[in-house]
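K.L.:
Handing you this structure, nothing more for now.
The values are calculated or read from the model by the stated rules, or taken from the named source; none is laboratory data. Since this is a predicted model, take the numbers as computed values, not measurements. So basically every Cβ, Gly included, is an ideal-geometry build from the backbone, and we count neighbours across all protein chains shown. Heads up: the accessible areas ignore ligands, DNA and RNA and are worked out on the full protein's heavy atoms, side chains in. Shrake-Rupley method; radii C 1.70, N 1.55, O 1.52, S 1.80 Å.
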Amino acid sequence: MTTTLQLSDKTLADIARNVAKYPPEQKQSAVMASLIAAQTEVGWVSPEVIATVAQILEMPTIAVEEVATFYNMYNTKPIGKYKLVICTNLPCQLTHGETAATYLKETLGIGYNETTPCGTFTLKEGECMGACGDSPVMLVNDKRMCSFMSKEKIDALLNELRAEGKVA
């Protein structure tokens, strides 16, 4: 049996705010928002996070795990400080998406679903991000979209993130 963990008051309030959007008998509808809130605090959706969300929402643990493993926005393994997701759908591939992906892999020295040894960057493939006209596109930490990612723009982004994270 997986143990639960104690989430911060802020995260618990965020989960409660999302649960309140639904009738009491349908609070499991807040599972996706609850997982995001917990992931934001913990950094990933660990088995303990899944068990905690299941307990809060009064759901079977397996039902929460099914959601967490179905959607790629949930990190079910620890990731680096910066998660870089590059679109690998056809429109991006037709406009140098593979070139950008290959350059990222070579520059970081990692493949998809890997993290740099220093723990700074994790590289992931992404499905369509709805910005085909801006391809190739990348998401940083599921929040910041970067467009027209040439080698020069990739270098500038990595340098910015390294400086922000104070990493060599």
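K.L.:
Before we move on, is residue 102 touching a strand residue (DSSP E or B) at 6+ places or on another chain (Cβ under 6 Å), under 30 Å from residue 152 (Cβ atoms) and without any contact (Cβ under 8 Å) to a residue 40 or more places away in the chain?
P.N.:
When the stated conditions are applied, residue 102 does not pass them.
K.L.:
Return the pair list, or none, for Cβ contacts closer than 7 Å from residues in the stretch 127-139 that are closer than 15 Å to residue 83 by Cβ to residues that are assigned to a loop (DSSP other than H, G, I, E, B) and among the β-branched types (Val, Ile, Thr), at least 6 apart or on different chains.
P.N.:
Cβ pairs passing all conditions: 129/137.
K.L.:
From the list 11, 40, 69, pick out the single residue that is within 23 Å of residue 144 (Cβ to Cβ), of a type in the set (Ser, Thr, Tyr), open to solvent by 70 Å² or more (accessible area, probe 1.4 Å) and not in a loop (DSSP other than H, G, I, E, B).
P.N.:
Going through 11, 40, 69 in turn, the sole match is 40.
K.L.:
Identify all residues within the stretch 87-113 that are within 26 Å of residue 40 (Cα to Cα), buried (at least 16 other Cβ atoms within 10 Å of the Cβ) and not aliphatic (A, V, I, L, M); write none if there are none.
P.N.:
87, 88
Per-residue answers, yes or no, for (1) out of contact with any helix residue (DSSP H, G or I) (no Cβ under 6 Å at 6 or more places or on another chain); (2) open to solvent by less than 30 Å² (accessible area, probe 1.4 Å); (3) in the same structural domain as residue 143 (by the TED database):
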{"position": "4", "(1), (2), (3)": "no, no, no"}
{"position": "16", "(1), (2), (3)": "yes, no, no"}
{"position": "29", "(1), (2), (3)": "yes, no, no"}
{"position": "33", "(1), (2), (3)": "no, no, no"}
{"position": "47", "(1), (2), (3)": "yes, no, no"}
{"position": "63", "(1), (2), (3)": "yes, yes, no"}
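K.L.:
Still on this structure, please answer the following. Does residue 74 satisfy the criteria of being in a loop (DSSP other than H, G, I, E, B), surrounded by 14 or more Cβ atoms within 10 Å (Cβ to Cβ) and in contact with a helix residue (DSSP H, G or I) (Cβ under 7 Å, 6 or more places away or on another chain)?
P.N.:
Considered against the rule, which asks whether it is in a loop (DSSP other than H, G, I, E, B), surrounded by 14 or more Cβ atoms within 10 Å (Cβ to Cβ) and in contact with a helix residue (DSSP H, G or I) (Cβ under 7 Å, 6 or more places away or on another chain), residue 74 comes out as yes.
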